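Only the coordinates and a few stated rules stand behind these numbers; no lab work does. Nothing here was measured: the structure is a model prediction, and the numbers come from that model. Note that we place each Cβ from the backbone using ideal geometry, even for glycine, and neighbour counts take in every protein chain shown.
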Amino acid sequence: MALPSEEDELTAAWRALEGAERSSGWRTIHIAVGSPSLLLAGRRFPENEEALLVGFAGKGTPLPEVLPQGRGFEVSKAELGAAGAGRVWIALGRHSAGRLDLFTMMARDVVTTLCELPNADDATRLRLFLARIRAWQDFMRSDTDGRLGPDAEVGLVGELEVLANLLAVGIAAPTALDAWRGPLDGIQDFAFGTGAIEVKTTSAPSGFLATMGSLEQLDDSLIAPIFVAAVRIRLDPSGETLPERIGRIRVALSGDPASLGTFGNLLLHAGFIDVAAHRYTRRFSRTSSTRLLNVSGTFPRITRASVPVEIISARYEVDLDLIKAEDVALLDALRQLGVIREWS
């Protein structure tokens, strides 16, 4: 009888293997039978720590020195002998000091990610597998309790609003996702060629205080053009939660498994994990169309060229509601950014 979830299946397999062998080597059990990826729950003895093993066909497997490592886990090549013949096996293993609950959560998430790629080739699966592990590596560095803080939640809602708008006007999913740099701590939230879009979001009923995080963020002498996307939202019982917004974008990406995987990785980099989705109960609705402002000319900003050389860094606030510049249409901004060549 099938087990009810990947987590239960993993836990049951690891429990069955515990203490099964005292000599050196791997002991494994197949899991997620029928998935497009070959997946094994395993323990390597004599360490006897839990592991998830994934088998890939073909060449191009990364060298051990480029495999990601993190708090409580390691990624390494696994030699399974005759049982693993014809495949390159990569093991995601727990360190003895690593938390089992967190490692199980990560392993379950990786299994889900790989099972959602039914039509991808092994090279794509390997790339997305390692990208997913690196995203978890970044998440674990953040020392969060699994849920974004209120301000970070609002900020992510705004970035998702802009991402959804990009997809809605016909920007290809790989292009839009490649441009989304906010989760990766980019200077601007979306980078297109030599230009960018910086997203600012507020849920305040009046005023629009936007914090600029550096002297470089609105410096159009470094990259141009730069647009500020001002997203105003409000708490609304009939609105969407953050997970519901994420689900809507996932539906839009459902026909492109690689982009769906990339989107999931970016969410993890941003600090969102699906197992904590039930903790996001606030509902938001957009109060007006997203306002796009071109950062040029007299646009109020502080840049390195405008301050004494002794000032090394600065954070400052701008009230976007007080800026009287004319709004720019999204398609026009994308044309200026070189993303589209003509009106759609």
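For segment 6-141, compute Rh as the Kirkwood radius over C-alpha pairs and then the Stokes-Einstein diffusion coefficient at 20 °C and 1.002 mPa s; write the answer in µm²/s, rounded to an integer.
For these conditions, the coefficient is 144 µm²/s.
How many percent of all Cα-Cα pairs in segment 180-308 sit more than 25 Å apart?
Summing the P(r) tail past 25 Å for segment 180-308 gives 36 percent.
Taking GluC sites (Glu not before Pro) as exposed when DSSP calls them loop (any state but H, G, I, E, B) and at most 13 other Cβ atoms lie within 10 Å, what is the longest stretch of the chain free of them, the sites themselves excluded?
Of all site-free stretches, the longest is 80-309.
Placing unit charges on C-beta atoms (Lys and Arg positive, Asp and Glu negative, everything else neutral), compute the dipole magnitude of the chain about its Cα centre in debye, rounded to 20.
About 360 debye.
Mean residue ellipticity at 222 nm from the helices of the chain, using -39,500 (n - 2.57) per DSSP H segment of n ≥ 4 over the full residue count, to the nearest 500 deg cm²/dmol?
-10000 deg cm²/dmol
Evaluate the distance, in nm, between pseudo-label points positioned 7 Å from the Cα of residue 77 and of residue 298 along their respective Cα→Cβ axes.
Placing both labels 7 Å beyond Cα along the Cβ direction yields 6.4 nm.
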